[in-house]
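Okay, structure first, notes after.
Every number in this text was worked out from the coordinates using simple rules, so none of it is lab data. Just so we're clear, the structure is a prediction, and the values are computed from it rather than from any experiment. Cβ coordinates were reconstructed from backbone atoms using ideal geometry, including for glycine residues, and neighbour counts include every protein chain displayed.
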Amino acid sequence: MVQRPIPGAEAIDPPLSASVVTLGTFDGVHLGHRRLVERALASAPPGVPTIAYTFDPHPAKLLAPSRAPALLVSTATRIRLLYGLGVDEVILEPFDARFAALEADDWVERYLVGRLHPRRVVVGFNFTYGRGRGGDPQHLARAGSRHGFEVDVVEPVELDGDVVSSSRIRALLVAGEVRAAARLLGRSYSLTGSVVEGERRGRTLGFPTANLATREELLPARGVYATRLVHPDGRRLAAVTNIGSRPTFGGVRDSVETHVLGFAEDLYGLEVEIELEARLREERRFDGIDALVRQIHEDVRAAERALA
């Protein structure tokens with residue numbers, strides 16, 4: 001069953017009598033974000049709901065669109081992952097000009113306290129809120145002392161000397177380092193979307209592919225990847241995926257094409273997820289179809305080894 005978020009704190013009527021809330025944009029729902037959710041869950045008394053409060057679109061899309069990053073996950077994936085961590089509810093606050101203009105104190109009083117009555121609020125060390133980023137963890141702690149809630153500030157999460165952050169994960173993916181990105185995410189990076197009609201060129205080569213119309217904004221570096229296709233029925237199928245423009249055929253637009261190993265079922269129209277496990281090679285142009293087919297055979301064998 002798909003769990004749907006609450007469309008903004010003001011949609012909670014009547015207000016909650018108590019809650020434990022964690023706040024953030026949660027782009028990627030990586031290990032740092034998981035720490036926030038874990039702390040919130042661990043501190044919630046029996047019967048008190050745990051809420052992940054997030055925003056859509058990402059605030060940078062409105063406040064600094066020219067500098068806004070390509071997001072690691074779609075809104076739908078972010079919501080699914082947050083619910084998957086065990087929170088009782090996700091609030092998806094519409095981040096529009098009216099909301100962005102709220103003073104930090106107004107947001108705390110009208111939205112956080114007025115609707116959620118939190119006993120504890122869990123935030124990252126760099127969380128900001130309110131007009132002009134007027135609120136930060138210290139401001140929130142002062143508000144908590146007035147309104148009767150505790151504030152738990154989570155320091156940066158490190159893994160083998162790397163600080164876990166959305167920007168670090170983006171840099172790894174742009175470089176094709178999907179295994180390193182997976183360590184910081186706590187899961188394989190994946191692309192979700194529907195399988196659409198392609199040019200059927202792979203079928204003529206003996207390697208039919210599922211063409212993904214992905215919802216994600218960020219594609220990893222062009223190349224060939226060992227992957228798993230997650231079928232709507234739950235099966236995780238070994239596959240090899242090409243991300244790129246297909247230069248052998250004169251392509252100019254990037255696409256995501258997945259060949260599922262030893263699989264002959266129709267996937268058209270299905271919503272699937274492609275988990276990227278390892279980058280096998282860069283994208284390159286081949287001198288003719290025969291050379292390309294030989295390389296695809298090599299790619300399949302390499303993917304089998306990587307996924308074994």
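Output the 0 to 90 degree angle, nearest 10, between the alpha-carbon long axis of helix 137-147 and the longest principal axis computed from the alpha carbons of the chain.
Roughly 40 degrees, rounded to the nearest 10.
Report the full-extension gain for the segment PHE263 to ARG236: residue separation times 0.36 nm, less the Cα-Cα distance, to one decimal in nm.
Details: separation 27, 0.36 × 27 = 9.72 nm, distance 1.17 nm.
So the chain would gain 8.5 nm between PHE263 and ARG236.
Could you run the Debye sum over the Cα atoms of the chain, one equal point scatterer each and no solvent, and tell me log10 of I(q)/I(0) at q = 0.15, 0.16 Å⁻¹, two decimals?
Debye output, listed in q order: -1.13, -1.24.
Helix-derived [θ] at 222 nm for the chain: sum -39500 (n - 2.57) over DSSP H runs of at least 4, divide by residue count, nearest 500?
Values: 10 runs with 87 residues, N = 308.
Dividing the helical sum by the residues of the chain leaves -8000 deg cm²/dmol.
Putting +1 on Lys and Arg Cβ atoms and -1 on Asp and Glu Cβ atoms, find which of VAL256, ALA226, LEU280 reaches farthest to the positive end of the dipole of the range 220-308.
LEU280
Would you kindly give the portion of the calculated P(r) for the range 9-159 that falls above 26 Å, as a percent of all Cα pairs? Write out the running numbers ahead of the final one.
Values: 2050 of 11325 pairs.
Of all Cα-Cα distances in the range 9-159, 18 percent exceed 26 Å.
Between LEU159 and GLN3, what is the spin-label point distance in nm, taking each point 7 Å from the Cα along the Cα→C-beta axis?
Taking the simple label geometry, LEU159 and GLN3 are separated by 2.2 nm.
Suppose the chain between ASP88 and ARG179 were pulled fully straight at 0.36 nm per residue; how much longer would it get relative to their current alpha carbon spacing? Could you put the intermediate results ahead of the total?
Numbers: separation 91, 0.36 × 91 = 32.76 nm, distance 3.08 nm.
Length gained, ASP88 through ARG179: 29.7 nm.
Beta carbons within 10 angstrom, averaged per residue: use that to sort the peptides 116-123, 170-177, highest first.
Values: 116-123: 23.2, 170-177: 17.8.
With the highest mean Cβ count within 10 Å placed first, the list reads 116-123, 170-177.
For ARG142 and LEU41, FRET efficiency with R0 = 30 Å and r from the beta-carbon atoms, rounded to 0.05? Before the final figure, lay out each step's value.
Working: r = 25 Å, r/R0 = 0.85.
So, using R0 = 30 Å, E works out to roughly 0.75.
In terms of the Cα gyration tensor, with a ≥ b ≥ c the square roots of its eigenvalues, is the range 1-94 rounded because a/c is under 1.5, prolate because a/b exceeds b/c, or oblate?
Numbers: a/c = 1.95, a/b = 1.48, b/c = 1.31.
Prolate, since a/c reaches 1.5 and a/b exceeds b/c.
By per-residue mean of other Cβ atoms within 10 Å, what is the highest-first order of 184-191, 50-57? Show your work: numbers first, answer last.
On the way: 184-191: 21.1, 50-57: 22.6.
Ranked by mean Cβ neighbours within 10 Å, highest first: 50-57, 184-191.
Can you give the angle from 0 to 90° between the axis of helix 289-307 and the longest principal axis of the chain, with both taken from C-alpha atoms, to the nearest 10?
The helix 289-307 is inclined about 50 degrees to the chain.
First check a/c for the range 90-187, with a ≥ b ≥ c the square roots of the eigenvalues of its C-alpha gyration tensor; if it is under 1.5, answer rounded, and if not, answer prolate when a/b is larger than b/c or oblate otherwise.
Working: a/c = 2.67, a/b = 1.91, b/c = 1.40.
Because a/c hits 1.5 or more and a/b exceeds b/c, the range 90-187 counts as prolate.
Report ³J(HN,Hα) in whole Hz for each residue of the range 77-94, in order, from the Karplus equation J = 6.51 cos²θ - 1.76 cosθ + 1.60 where θ = phi - 60°; Gly and Pro get x.
5, 4, 5, 4, 5, 5, 4, x, 7, x, 5, 6, 9, 10, 9, 10, 7, x
In the Gaussian network model of the chain, springs joining C-alpha atoms below 10 Å, which of VAL37, VAL48, VAL256 carries the largest mean-square fluctuation?
So, out of VAL37, VAL48, VAL256, the one fluctuating most is VAL48.
Based on the mean of other Cβ atoms within 10 Å per residue, sort peptides 220-231, 266-277 so the most packed one is first. Mind showing how you got there, number by number?
Numbers: 220-231: 21.9, 266-277: 17.5.
Going by the mean number of other Cβ atoms within 10 Å, highest first, we get 220-231, 266-277.
Nothing charged except the Cβ atoms of Lys and Arg (+1) and of Asp and Glu (-1): what's the magnitude of the dipole of the chain about its Cα centre? Round to the nearest 20 debye.
Working: 39 positive and 41 negative charges, 77 e Å.
Computed about the Cα centre, the dipole is about 360 debye.
Along the Cα→Cβ direction, 7 angstrom out, place labels at ASP254 and ALA100. What is the inter-label distance in nm?
Label-label distance for ASP254 and ALA100, simple model: 2.5 nm.
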